[in-house]
Amino acid sequence: MCGIFAYVNYLQPKKREEIVQVLLQGLQRMEYRGYDSAGIAIDGSNDLNDMHSKVALLRKTGKVSVLEDFIKELPPNSLDMSMVLNVHCGIAHTRWATHGSPKDVNSHPQRSNSDSEFVVVHNGIITNFKEIKEYLTKKGHKFESETDTEVIAKLAQHVHDRYPGVNFRQLVEIVVQQLEGAFALAFKSTKFPGQLVATRRGSPLLVGIKSTGDLRSNNIPVLFSKGRRLFSSTATHLRDASFTSENQSVLNLSQSMISLTPRCPALDSADNSTTSTKALHSSSVIEEELGIEYFVASDASAIVEHTKQVIFLEDDDVVFVEDGTLSIQRISKLPTDGQANDVQKREVISLNMELQEIMKGSFSTFMQKEIFEQPDSVVNTMRGRVLPNGQVVLGGITDYLPDIKRCRRLILVACGTSYHSAIACRQILEELSELPVVVELASDFLDRQTPIFRDDVCMFVSQSGETADTLMALRYCKPHGALTIGITNTVGSSICRESHCGVHINAGPEIGVASTKAYTSQIVALLMFALTLSDDRISMQSRRNHVVQALRELPEMIRRVLQLDSQVSSIADQIYKEKSLLVMGRGFNFATCLEGALKIKELSYMHCEGIMSGELKHGPLAMVDEHLKICMVICQDEVYKKSLNALQQVVARSGVPMIIADESVPLSDLAGMKQVLRVPRTVDCLQSILTVIPLQLLAFHIAEKNGFNVDRPRNLAKSVTVE
């Protein structure tokens with residue numbers, strides 16, 4: 001949910017003003033992840049002889065622009081913005097509140113004490129923070145915020161005060177072993193000037209590398225640190241989860257007699273390892289000590305303008321930057337067989353993203369831009385996959401296709417908009433695969449501990465690839481032996497890495513919190529998946545050919561739908577002050593009703609409900625009268641006559657619905673309704689893409705006419721990385 005960002009410049013002289021601007025720009029690129037408050041931590045001394053002696057902690061409630069204005073208004077003598085720093089570490093955070101209301105003291109970075117000796121930024125939730133807070137309170141630490149993050153900073157201070165010989169990376173390793181929950185963290189400390197430690201467990205994190213020298217290798221080896229065993233038989237709050245034994249040894253940081261000796265020589269070798277970016281440079285680069293910059297972020301969009309060379313971190317990776325060297329360690333159990341741990345590597349990859357993709361261009365908002373990008377985004381989803389001969393090829397699942405075709409059940413697991421895309425494709429998946437298809441909300445799927453079998457294929461749909469409930473559902477299914485498939489829009493995401501195979505939807509970066517183009521691309525990707533399952537079935541060739549032809553025509557049809565923008569805006573003028581709206585449809589368009597209602601709720605804060613029109617008589621019809629605003633989706637498909645019956649039931653109760661209908665529906669069938677939005681007619685399984693776009697536009701215009709922030713609706717964030 002939150003966005004964290006860190007920047008280290010080593011032997012790359014930067015004015016303090018430039019460093020602040022890099023940090024703020026990084027936050028602005030990730031502001032869709034949270035915008036309750038923002039903050040940065042930088043070196044705050046104006047003494048050229050002691051530049052790293054104190055930290056300037058700058059935090060403000062509100063958007064990043066509020067923080068930027070606050071920094072501009074600082075007294076000139078408080079921070080010398082013209083001071084040049086050859087080596088510096090800065091961290092930054094934009095917050096979506098979980099623990100504690102949005103206010104300055106709850107903003108990140110959180111500090112360890114009034115001197116800010118240790119500061120930390122955090123994305124995620126610490127589930128055992130109350131136990132740790134109770135422990136630290138008993139040890140004399142004073143808390144000033146309501147956040148779960150403050151315990152991390154104070155725990156780091158606690159460890160350092162008692163064991164000052166521990167280096168920064170080792171200290172962080174000890175701290176994170178005590179934490180339960182999901183987190184991505186970045187640490188800065190006056191005790192370790194110029195150094196940065198970052199780690200993740202369950203929340204996304206990547207590192208960008210910008211060097212004046214060329215990288216000689218595309219891989220950084222990962223060293224396994226052997227965590228320290230700190231023994232106690234009485235501690236109840238802090239424990240070392242990395243070790244298990246018959247006695248279930250428990251960590252108690254209050255013990256005065258504790259051995260900090262490594263369990264294995266690998267721990268010492270980790271501290272002086274060549275496992276670093278310096279090992280990736282040519283020898284001349286090392287000798288000349290050329291400069292290097294590191295960027296740590298929750299999202300690639302914060303890094304792409306600086307460098308495209310990035311490393312996606314795995315859970316429990318600990319990144320340590322010291323003297324321009326980046327190394328990656330992991331805390332591991334001692335090998336039970338006496339063998340060394342398998343060598344692991346983290347690949348340095350090149351981002352396939354351009355800066356202009358995350359800019360608004362000529363549009364007023366990101367959401368408007370993304371709605372109008374849909375003709376291109378669906379083309380990108382199909383590019384190289386829908387071939388001229390009608391064949392559909394999904395390279396990411398090719399090796400597993402025989403196993404998929406032999407399965408007994410398809411299970412689609414998702415949340416929110418991704419769940420609606422699964423609903424939209426359920427019927428065509430059943431038709432073309434002739435398999436039972438189950439669509440599950442990830443949170444409910446986990447709550448029920450749904451039975452999963454080895455001959456199941458489980459598909460996990462997530463725009464970010466980091467959705468907490470969906471990711472946890474994947475981790476629940478894998479041990480049961482099911483084949484797992486990820487459908488995501490983010491290369492290198494956790495779902496991408498942890499699933500057996502997958503399909504990248506290639507919709508491009510989506511900055512607006514309310515998903516639009518990712519939704520339509522997800523439908524196209526799932527439809528192509530259905531086509532691959534039926535490519536060898538002669539009886540379905542005619543149906544497949546119709547669908548493939550419709551896919552080719554889809555971009556132009558979307559352009560025609562977008563021409564309704566002014567008409568939709570006129571309708572929004574009439575309803576933007578309403579308190580409630582019902583959206584009704586059935587068949588393939590039921591997903592349109594759910595997704596359209598969600599968009600209107602997200603952006604306009606208006607009560608809006610998507611209703612299966614076949615269920616009208618089972619309760620919802622009681623709400624219908626001449627005052628209730630209603631939208632109905634009616635298309636020439638298998639349920640056309642049933643949809644007309646629903647329209648007659650609404651009209652008979654004095655309802656006056658707005659109609660979204662395809663061009664083949666006769667006006668005489670629409671009961672004299674005056675507000676009719678016409679969309680092109682296409683094959684039934686793609687019609688929901690064309691009918692949802694007017695509702696996306698309607699949500700956008702209603703929100704704008706109410707003066708709401710379309711890109712950043714209240715209380716929401718783009719990437720839901722907490723349960």
Single match in Glu146, Glu131 (criterion: over 27 Å from His52 (Cα atoms), outside any helix (DSSP H, G or I) and of a type in the set (D, E, K, R)): Glu146
Close pairs from the range 91-102: first within 15 Å of Arg29 (Cβ to Cβ), partner at pLDDT below 90 and surrounded by fewer than 20 Cβ atoms within 10 Å (Cβ to Cβ), Cβ under 7 Å, at least 6 apart: none
Considering residues of the range 127-154 that are more than 27 Å from Gly194 (Cβ to Cβ) and of a type in the set (A, V, I, L, M, F, W, C) only, the residue modelled with the lowest pLDDT: Phe129
Strands (runs of 3 or more DSSP E) wholly inside the range 451-542 containing at least 1 residues that are out of contact with any Phe, Trp or Tyr (no Cβ under 9 Å at 6 or more places or on another chain) and either surrounded by fewer than 24 Cβ atoms within 10 Å (Cβ to Cβ) or hydrophobic (A, V, I, L, M, F, W, C) (or both): 456-462, 501-504
Among the residues listed as Arg33, Arg59, Arg16, Arg95, the single one being among the basic types (Lys, Arg) and in contact with a helix residue (DSSP H, G or I) (Cβ under 6 Å, 6 or more places away or on another chain): Arg59
Which numbered condition Met51 misses (of (1) closer than 30 Å to Asn709 by Cα; (2) touching a Ser or Thr at 6+ places or on another chain (Cβ under 8 Å); (3) hydrophobic (A, V, I, L, M, F, W, C)): (1)
Within the range 1-78, strands (runs of 3 or more DSSP E) holding 3 or more residues that are free of Cβ contacts under 8 Å to residues at least 40 places away in the same chain and among the hydrophobic types (A, V, I, L, M, F, W, C): none
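Results for (1) more than 19 Å from Ala41 (Cα to Cα); (2) touching an Asp or Glu at 6+ places or on another chain (Cβ under 8 Å), shown as yes or no for each residue.
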| site | (1), (2) |
| --- | --- |
| Asp104 | no, no |
| Ser145 | no, no |
| Val172 | no, no |
| Leu179 | yes, no |
| Arg201 | yes, yes |
| Pro204 | yes, yes |
Top-ranked residue of the range 111-137 - restricted to ones that are touching a strand residue (DSSP E or B) at 6+ places or on another chain (Cβ under 6 Å) and polar (S, T, N, Q), ranked as farthest from Cys89 (Cα to Cα): Thr127
Lone unmet requirement of (1) charged (D, E, K, R); (2) under 19 Å from Asp565 (Cα atoms); (3) touching a helix residue (DSSP H, G or I) at 6+ places or on another chain (Cβ under 7 Å) for Asp684: (2)
Residue list for the range 491-514, filter: without any contact (Cβ under 8 Å) to a residue 60 or more places away in the chain and of a type in the set (S, T, N, Q): Ser499
Pairs where the first residue, in the range 456-471, is under 19 Å from Phe312 (Cα atoms) and the second is surrounded by fewer than 24 Cβ atoms within 10 Å (Cβ to Cβ) and β-branched (Val, Ile, Thr), C-beta under 7 Å, 6+ apart: Thr467/Val720; Ala468/Val720; Ala468/Val722
Cβ-Cβ under 7 Å pairs, at least 6 apart or on other chains, the range 637-661 side on the phi > 0 side of the Ramachandran plot, far side exposed (fewer than 15 other Cβ atoms within 10 Å of the Cβ) and small (Gly, Ala, Ser): none
Options Ser114, Ser82; residue that is free of Cβ contacts under 8 Å to residues at least 12 places away in the same chain, farther than 28 Å from Leu716 by Cβ and either of a type outside the set (Phe, Trp, Tyr) or not in a strand (DSSP E or B) (or both): Ser114
Close pairs (9 angstrom Cβ cut-off, 6 or more residues apart or separate chains): outside the structural domain of Leu313 (by TED's automatic domain parsing) in the range 194-220, at pLDDT 95 or above and part of a strand (DSSP E or B) anywhere: none
So Gly194, is it touching a Cys at 6+ places or on another chain (Cβ under 6 Å) and not in a helix (DSSP H, G or I): yes
Residue check for Gln522: within 23 Å of Val692 (Cα to Cα) and either in contact with a Gly (Cβ under 9 Å, 6 or more places away or on another chain) or in the same structural domain as Met367 (by TED's automatic domain parsing) (or both): yes
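The values are calculated or read from the model by the stated rules, or taken from the named source; none is laboratory data. What you are looking at is a predicted structure, and each value in this text was computed from that prediction instead of being measured. Glycine gets a Cβ as well: all are built from the backbone with ideal geometry, and neighbour counts include every protein chain shown.
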